[in-house]
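The values are calculated or read from the model by the stated rules, or taken from the named source; none is laboratory data. Quantities reported herein were computed from a predicted structural model and do not represent experimental measurements. When we count neighbours, we look across all protein chains shown, and the Cβ atoms used for this are built from the backbone with ideal geometry, even at glycine.
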Amino acid sequence: MKARQVLMRVTGAMLVVVTGSLDAQSSTNTQRPLRPGQNKGPTFMVPVFRSAERGLGVQVADVVRDRLMSDNLMTSMWVVSKKDLNANLELSGYSGSDALSTSDLRSLAQFIRAEEYIDGVVTRSADGDITLTATLNLPRGEGMEQPLTPVTGAKPGDVAARMSAEIEKARKQIKGATDCLQSHRQRQYDEGRLHAAKALREYPQSVFARICLLEIAFTQKAPADTLIRIAEEILAIAPENDRALEIVVDQYRAMAEIDKAYEEKYIASLKKLLAADPTNTSLQASVIRALATAGKFAEAKPIADEAVKQSPGDPELIKLQWGIYRALNEWKVAIAIGEEMVRHDTAAADTVFFQQLVAAYLSDSQPQKAQEAAARGAAKFANNATLWISVAQLARRNGQIPQALDAINKVLAINPKYPGVNLQKAAIFSEQDNVDSLRETLRAAVAAGEDKEIAAGMILPKANNLFQAYQKDTAKTVEGGDHVLSLLAFSDSLNPTSTSGFLMAATMVVMAQPLLTRASETKSCADARRTNDQLIAAQDLVRKHGRDFGQAAGGVMQGAIAYQEYADKAVKAFCK
């Protein structure tokens, strides 16, 4: 980050200084000056090399720079002097003894109009030998980085001599490769391939030529296997070549969408691309998504953790991390990530998030917290029936019946026909043994399109319980029997069954006693006739449904016949 910031500050001054200084090389330049009529060769930059040993990168870079100046005429290579290089950096307040990052080094090369440059890492072995691992770079064009054979020597001068020879060999490809790229820009693809072939003859390990061939193939929409073959050739030479990796990733991704057999290759190539650019948040997200799609959540977890650590405020990365931990059932951490995510990014707290958070709390055995999360979501999205349903279900689970009923009524206000809501409300009334409210709610449920069989199944057990209590009641009333009979009739109207039919018959027989008693007391013809009619209906129902109820059916039939005699007498006595 520091190098990037510095280069942004340097830019204005850099252009001024370099423009003035490169036309007349500094007095420290040891290259032989141009003779009249001669033209300078490509501008070549040797920056400070990276090294874990303080000062070693500067020392080796200085010696390599001097060696290149002495080995090459200015007509073949115009090496930027240390004085000119440092002048630009020092104006920015940046030390000329510090190595730049790869991206900033490329920018620096473009600023000072260097057409070629070397980038390298210097190490020293335990026995004191120095090794320089370097790449030859062209700052214009993606992927134009040519790995050079690493060189080792006892002294910086030995390293410089060997590196100078490697650079000389690698530079033989540049003319053919750049001509290829020029032909590509002019859409002269066949001519471009000929230039690339020449570059490969000059330097068989040429990355530059292969990059040009890759760009031509890509522009001409070559088949995936062709693009992958060329890109893999590049990666065999330069494993971190970003352009080749991008092409491979894109092609394997497209192939994986059609054939899952390519998924592993896609993920592997994506990981390589990330390794070449480990702080790229877009790449991190792509790798995490690819692994998650493949079900490799455990593998995605450390990548997600590192990505969020590098970019703690990135909403996309945190959201991916939230998904990974939920997939791994690591609920406590997932919940903490989710709650933290919406504190920093309120837009992430959408309806899906609240549903996921509720599920996470439930999976972590925190039903009260789940209810609170659902209530937060419902408060934010007041017209979202799904969230209110969650509030109702969780409040009911937590024994908070008034809150559950309130939430259900909000759902009904939003959508009276919301699937299942009336049945949920009916279930609450059923638990409370509020039979009348249960019946009315089930009536509304059926009107809204709910399954009649389910509704009947909810009311019938309650009606049966009331019948059993009525049968045992020593102070039976006609009204009590009417209540039971109406519930059984409602159940039977929704889903006629032998149970509802038989229970109606049994209720009618049990009701005969209070009906006859009232008829006798009030001399009521209506009660007498009703008793008679119900007993006749009861016998018909027993004949229809009794076979499923064995001895109980016989008892009901005998009771109906016995009471029938008294009913007939009551009709004769009171209906004149």
Every residue from the stretch 110-121 that is modelled with pLDDT under 90 and either assigned to a helix (DSSP H, G or I) or under 22 Å from Thr149 (Cβ atoms) (or both): Gln110, Phe111
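Yes/no matrix, rows are residues, columns are (1) under 60 Å from the mean Cα position of the chain (by Cα); (2) hydroxyl-bearing (Ser, Thr, Tyr); (3) surrounded by 14 or more Cβ atoms within 10 Å (Cβ to Cβ); (4) in the same structural domain as Gly481 (by TED's automatic domain parsing):
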| residue | (1), (2), (3), (4) |
| --- | --- |
| Met508 | no, no, yes, yes |
| Thr517 | no, yes, yes, yes |
| Ser520 | no, yes, yes, yes |
| Gln534 | no, no, yes, yes |
| Phe549 | yes, no, yes, yes |
| Ala552 | no, no, no, yes |
| Ile561 | no, no, no, yes |
| Tyr566 | no, yes, yes, yes |
| Phe574 | no, no, yes, yes |
In the stretch 401-447, the residues that are touching a residue at least 24 places away in the same chain (Cβ under 8 Å), closer than 23 Å to Leu487 by Cα and either assigned by TED's automatic domain parsing to the domain that holds Ser486 or of a type in the set (S, T, N, Q) (or both): Asn422, Gln424, Ser430, Gln432
Per-region count, the stretch 86-106, residues crowded, with 19+ Cβ neighbours inside 10 Å and within 20 Å of Glu145 (Cβ to Cβ): 5
Hits in the stretch 68-98 (condition: in a helix (DSSP H, G or I) and either in contact with a Lys or Arg (Cβ under 8 Å, 6 or more places away or on another chain) or not hydrophobic (A, V, I, L, M, F, W, C) (or both)): Ser70, Asp71, Lys82, Lys83, Asp84, Asn86, Asn88, Glu90
Count of residues meeting criterion [buried (at least 17 other Cβ atoms within 10 Å of the Cβ), over 19 Å from Leu387 (Cβ atoms) and among the small types (Gly, Ala, Ser)] in the stretch 320-376: 2
Flag for Glu166 being of a type outside the set (Lys, Arg) and within 25 Å of Trp78 (Cα to Cα): yes
Filter result (surrounded by fewer than 17 Cβ atoms within 10 Å (Cβ to Cβ) and more than 22 Å from Asp66 (Cβ to Cβ)) within the stretch 112-140: Ser125, Ala126, Asp127, Arg140
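Among Val571, Val542, which is the only one that is among the aliphatic types (A, V, I, L, M) and farther than 19 Å from Leu485 by Cα? Lay out the reasoning, then the answer.
Working: Val542 fails: farther than 19 Å from Leu485 by Cα.
Selected residue: Val571, the only one of Val571, Val542 that is among the aliphatic types (A, V, I, L, M) and farther than 19 Å from Leu485 by Cα.
Considering only residues that are assigned to a strand (DSSP E or B) and closer than 16 Å to Val63 by Cβ, look in the stretch 134-164 and name the one that is farthest from the chain's Cα centre (by Cα).
Gly153
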Residue within the stretch 477-490 that is small (Gly, Ala, Ser) and either in a loop (DSSP other than H, G, I, E, B) or in contact with a strand residue (DSSP E or B) (Cβ under 7 Å, 6 or more places away or on another chain) (or both) present: no
